[in-house]
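Undergrad: Here it is, the structure, as C-alpha cells.
The values are calculated or read from the model by the stated rules, or taken from the named source; none is laboratory data. Please read all numbers here as calculations on a predicted model, not as lab measurements. Counting neighbours? That spans all protein chains shown, and the Cβs are built from the backbone with ideal geometry, glycine included. Ligands, DNA and RNA are stripped out before the accessible areas are found, and what is left, the full protein with its side chains, is counted by its heavy atoms. Shrake-Rupley method; radii C 1.70, N 1.55, O 1.52, S 1.80 Å.
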Amino acid sequence: MKHPVYFPNLNGLRFIAAMMVIIHHIESMKSIFKWSSNIDNATIFLFGKMGVILFFVLSGFLITYLLLNEEKNNSTISIKQFYLRRIFRIWPLYFLIIILSLFILPLFPALNFRISNYQLFYDSFWIKILFFVFFLPNLVLARYGIMPYASQSWSIGVEEQFYIIWPWLIKLFKNRIAMVIGVFIGYHLINSFLYFFEKDIPYGTLIKYFFEFFNIDCMAIGAFFGIILFEKNEKFLHFICHPFLFYPILLISLTLLIFGYSFPLFNYQIYALLFGICIINLATLKATFLEHPLFNYLGKISYGLYMYHVIAIGISIVLLEKMNTSNNVLLYIFSISITIFLSSISYKYFESFFLKLKTKFSANN
C-alpha cells in the first residue's frame, strides 16, 4: 500500500507562514525607510521569526516523509536525485533574487535603504558574494548585517544546509527517531560549547554565528512528526491526532502568537513543537479552508512570496512617497498585491520551467 505524497491543508499553511514574515517585514521596512513603524510590537516582532520556524518545521516534516516514502517504494534513497530535485526547485529563484539585490536594484537610488552610509553595502562585497554563492546567506546576515533585498535569503541557506546532510542521515540510520533526537541534542550541545568556548577555537565567532542561525533542531522536530506519520505508530497517532489535543494546541498556538509571547527558554523549539502537532493534524484531516483554491494557489507560489516580498515592499514605499502619502492600509495593499503579482509571474514564466525538470527526478510520482 503506497503512502500519500500530497497532504491537504499544508499549501495553505505555507501561505500563512509567508504572510507572517511579510507582515513583519512591512513594519521593519517602514522603520528602515523612516516611516512610523510597529516593529517593536511584540506580536509583529514574533511573527517574522515564527513564520520562518513554521517553514522549517514543514520542511522537516515533508522532506523526511518523502525520503522515507522513496526508500519504501525503491528500497533505497537516491541522494543524487534528491539533490537535483532541490537544485531545480531552489537555485533558480534564489540566484535571481541575489543578482537583482546585489547588482540591479542598487542602480536605483530611490530603492536604496535610508541608512546613513550606504557604502557599507559594498564593504567586503566579494566575500559576501562568495557566501551567497555557496549558500551561506545566514552568515552574511549574522556577520555583516542586512543586505538590502537579499537578507530574507538567510533561511533559504539554512534549508539548503539541511538538505545537504538530511538524506544521508535518513539513509544511514535505521532508527530514525533516535537519530532525530540525537540531532536535536547534538545541536544544542554544540551551541552550548560555542557559547562558552568561541574565543578559544579558530573562527569560533563565525562558527557560533552559523549554528545560531542553523535551526536544524526545529527541522528535526518536523522530521519527528513525519516519521511518526509514515511509520503509522497507531498509539501515538491516536493520541496526537485527536480533536481533544489538536484544537486546544491550535488555540494555544494562535493565542501565544497574537499576544506576542516569547518563552524565556527554548522559545523557537516550543513553538516548533506546537507547529509540529498542528501540521500532523492538518495533514491527516480532510480539507479545511486552507484547501480553498485561493489558499492552495498562494501556498503553491509561497517560495516566490517569500523571496520577492521585500522588493515589493520597497517598490510600494517608493510609489506611495511619489503619491505624497504614507497611508498604512495602502502600504499593506500595495505590498501584498505586488508580491503576489511578481510571484505569480515568476511561477508561471520562470520557476515552472525548472519545476518540470524537477519532476523528471521525482521518486514519488
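Undergrad: Restricting attention to region 99-109, does a residue exist that is at pLDDT below 95, surrounded by 18 or more Cβ atoms within 10 Å (Cβ to Cβ) and either of a type in the set (D, E, K, R) or under 19 Å from residue 158 (Cβ atoms) (or both)?
TA: yes
Undergrad: Can you name the residue in region 253-273 that is among the aliphatic types (A, V, I, L, M) and loosely packed, with under 13 Cβ neighbours inside 10 Å and is also farthest from residue 46 (Cα to Cα) among such residues?
TA: Across region 253-273, the extreme among qualifying residues is 265.
Undergrad: Considering region 182-235 alone, what residues qualify as being touching a residue at least 60 places away in the same chain (Cβ under 8 Å) and more than 21 Å from residue 167 (Cβ to Cβ)?
TA: Listed by number, the residues that qualify are 206, 209, 212, 213.
Undergrad: Residues in region 182-209 that are out of contact with any helix residue (DSSP H, G or I) (no Cβ under 8 Å at 6 or more places or on another chain), open to solvent by 70 Å² or more (accessible area, probe 1.4 Å) and under 21 Å from residue 269 (Cβ atoms): how many?
TA: Number of matching residues: 4.
Undergrad: Taking region 251-287 on its own, how many of its residues are within 25 Å of residue 188 (Cα to Cα) and touching a Gly at 6+ places or on another chain (Cβ under 9 Å)?
TA: Qualifying residue count for the region: 5.
Undergrad: While we're looking at this one, here's another question. Failed condition for residue 39, given (1) touching a residue at least 60 places away in the same chain (Cβ under 8 Å); (2) among the β-branched types (Val, Ile, Thr); (3) out of contact with any Gly (no Cβ under 7 Å at 6 or more places or on another chain); (4) surrounded by fewer than 20 Cβ atoms within 10 Å (Cβ to Cβ), with all others met?
TA: Result: residue 39 fails condition (1) only.
Undergrad: Is it true that residue 171 is touching a residue at least 12 places away in the same chain (Cβ under 8 Å) and over 21 Å from the mean Cα position of the chain (by Cα)?
TA: yes
Undergrad: Just the residues that are open to solvent by less than 40 Å² (accessible area, probe 1.4 Å), under 23 Å from the mean Cα position of the chain (by Cα) and aliphatic (A, V, I, L, M), please, taken from region 284-337.
TA: Passing the criteria: 290, 298, 301, 305, 307, 310, 311, 312, 313.
Undergrad: Would you check if residue 93 is open to solvent by 50 Å² or more (accessible area, probe 1.4 Å) and among the aliphatic types (A, V, I, L, M)?
TA: no
Undergrad: Going by the conditions given, is residue 305 in contact (Cβ under 8 Å) with a residue 24 or more places away in the chain and in contact with a Lys or Arg (Cβ under 9 Å, 6 or more places away or on another chain)?
TA: Criteria met by residue 305.
Undergrad: Examine region 70-79 for a residue that is buried (at least 23 other Cβ atoms within 10 Å of the Cβ) and either under 29 Å from residue 291 (Cα atoms) or within 20 Å of the chain's Cα centre (by Cα) (or both), and state whether such a residue exists.
TA: No; the residues of region 70-79 include none that is buried (at least 23 other Cβ atoms within 10 Å of the Cβ) and either under 29 Å from residue 291 (Cα atoms) or within 20 Å of the chain's Cα centre (by Cα) (or both).
Undergrad: Tally time: how many residues in region 236-252 are free of Cβ contacts under 8 Å to residues at least 24 places away in the same chain and either of a type in the set (Asp, Glu) or within 27 Å of residue 44 (Cα to Cα) (or both)?
TA: Residues flagged as free of Cβ contacts under 8 Å to residues at least 24 places away in the same chain and either of a type in the set (Asp, Glu) or within 27 Å of residue 44 (Cα to Cα) (or both) within region 236-252 amount to 4.
Undergrad: Scan region 212-221 for residues that are under 23 Å from residue 64 (Cβ atoms) and assigned to a helix (DSSP H, G or I) and jot them down.
TA: The answer is 213, 214, 216, 217, 218, 219, 220, 221.
Undergrad: Please name all residue pairs, on different chains or six or more residues apart, with Cβ atoms under 9 Å, provided the first residue is in region 90-105 and is part of a helix (DSSP H, G or I) and the second residue is surrounded by 17 or more Cβ atoms within 10 Å (Cβ to Cβ) and of a type in the set (Asp, Glu).
TA: Hits for this filter: 90/159; 90/160; 91/160; 92/351; 93/351; 94/160.
Undergrad: Can you tell me how many residues within region 319-352 are free of Cβ contacts under 8 Å to residues at least 60 places away in the same chain and farther than 20 Å from residue 23 by Cα?
TA: Counting residues in region 319-352 that are free of Cβ contacts under 8 Å to residues at least 60 places away in the same chain and farther than 20 Å from residue 23 by Cα gives 8.
Undergrad: Then there is this: Can you say whether residue 219 is surrounded by 13 or more Cβ atoms within 10 Å (Cβ to Cβ), farther than 30 Å from residue 81 by Cβ and among the aliphatic types (A, V, I, L, M), as far as the supplied structure shows?
TA: The answer is no for residue 219.
Undergrad: Another question, then. Looking only at region 141-148, decide whether some residue is hydroxyl-bearing (Ser, Thr, Tyr), open to solvent by 20 Å² or more (accessible area, probe 1.4 Å) and closer than 16 Å to residue 101 by Cα.
TA: Yes, region 141-148 has at least one match.
Undergrad: Which count do you get for residues in region 1-29 that are part of a helix (DSSP H, G or I) and either at pLDDT 95 or above or open to solvent by 20 Å² or more (accessible area, probe 1.4 Å) (or both)?
TA: Qualifying residue count, region 1-29: 19.
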